[in-house]
1. May I ask you to list the GluC sites (Glu not before Pro) in region 77-133 that are in a DSSP loop and have at most 16 other Cβ atoms within 10 Å of their Cβ?
2. May I ask you to list the lysines whose Cα is less than 27 Å away from that of Lys121, ignoring any residue fewer than eight positions away on the same chain?
3. Once you put a point 7 Å from the Cα of Gln46 and another 7 Å from the Cα of Leu96, both along the Cβ direction, what distance in nm separates them?
4. Taking only C-alpha pairs under 8 Å that are 6+ residues apart, what is the relative contact order of the chain in percent?
5. Modelling each spin label as a point 7 Å along the Cα-to-Cβ direction, I'd like the Leu20/Leu123 distance in nm, to one decimal.
6. Based only on the alpha carbon positions, what is the Kirkwood hydrodynamic radius of the chain, in angstrom?
7. Using 14 Å as the cut-off for backbone N distance, which residues of region 106-131 belong to the label zone defined by a point 7 Å from the Cα of Arg73 along Cα→Cβ?
8. Net charge around Val45, counting only other residues with Cβ within less than 12 Å of its Cβ (Lys, Arg = +1; Asp, Glu = -1)?
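The values are calculated or read from the model by the stated rules, or taken from the named source; none is laboratory data. Values in this document were obtained by computation on a predicted structure and should not be read as measured data. Cβ sites come from the backbone with ideal geometry, for glycine too, and all protein chains shown count toward neighbours. Ligands, DNA and RNA are stripped out before the accessible areas are found, and what is left, the full protein with its side chains, is counted by its heavy atoms. Shrake-Rupley method; radii C 1.70, N 1.55, O 1.52, S 1.80 Å.
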Amino acid sequence: RLERIVQDVLHFARPSEPQLKIVRADAPLREVASLMGSTLEQGRVQLALEDGPELHVSIDTTLIKQVLINLVRNAAEAIEGQGSISLRVRASHAKLHGQSREVAVLEVTDTGKGIPPEVEKRLFDPFFTTKEAGTGLGLSIAARIVEKQDGALEYQTQPGHGTTFGIVLPVVPAPATDSSIPPA
C-alpha cells in the first residue's frame, strides 16, 4: 500500500509528458470497455459502450485510458448492489483555456449513489479520500493528465441517482489516413 501511495505522489508531482496522437475519440473507451467489462459483470455491474459521433482528438491514449480506468473503478465502487456504467462520446461546444471550441466529451455515467455535497466540495483536493485504502490522488492525477492534453475533467452528480464524469477534449480534423485503426 505504501508503494502505491508513493507512486501516486510521484505521478501527481511529476506527471509524464503526453505523447499525442490523433485517434478516434471512442478508441480509448472501446479499449477500456473490453478490458474491464467481464470483470465488472462478475460484480453485477453492467458496462455498456454506447454509439456516438465519429470525432477525432489528439491525445496520449495510454494516459487517457488510465484516467478512464480510474473513473470506471470509482463508478463501480459508487454502485451498491446491481447497477450500470455507460461509456459514450458526445459532441459539444465548451470553453477550454479561454476559447470556445468544438469538443468531444468522453463520458463515464453510473447509476450509483451520487456524490454527497460535503464530498463534492473537496473532490479534486489532493489526499482527500472517502475510501479506507485510498490515497486521495486518483481524481487529482486524472484532472492533471487531462489538462496537460488541453482538456478538462468535469462532472455532474445527483445524490441517489448517479454521476457522470466527462473528459472534455478539443476536436481535431481526421487524419488523411485513419491511423486510429491499428494495423491487422
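1. Numbers: sites: Glu77, Glu80, Glu102, Glu107, Glu118, Glu120, Glu132; in loops: Glu80, Glu132.
The qualifying sites are Glu80, Glu132.
2. Lys65, Lys95, Lys113, Lys131, Lys148
3. Inter-label distance under the simple model: 3.2 nm.
4. Numbers: 348 pairs, mean separation 47.3, N = 184.
It rounds to 26 percent for the chain.
5. Going from the Leu20 label point to the Leu123 one covers 2.6 nm.
6. 17.0 Å
7. 130-131
8. Working: positive: Arg44, Arg73; negative: Glu41, Glu77, Glu80, Asp110.
Every neighbour counted, the sum reads -2.
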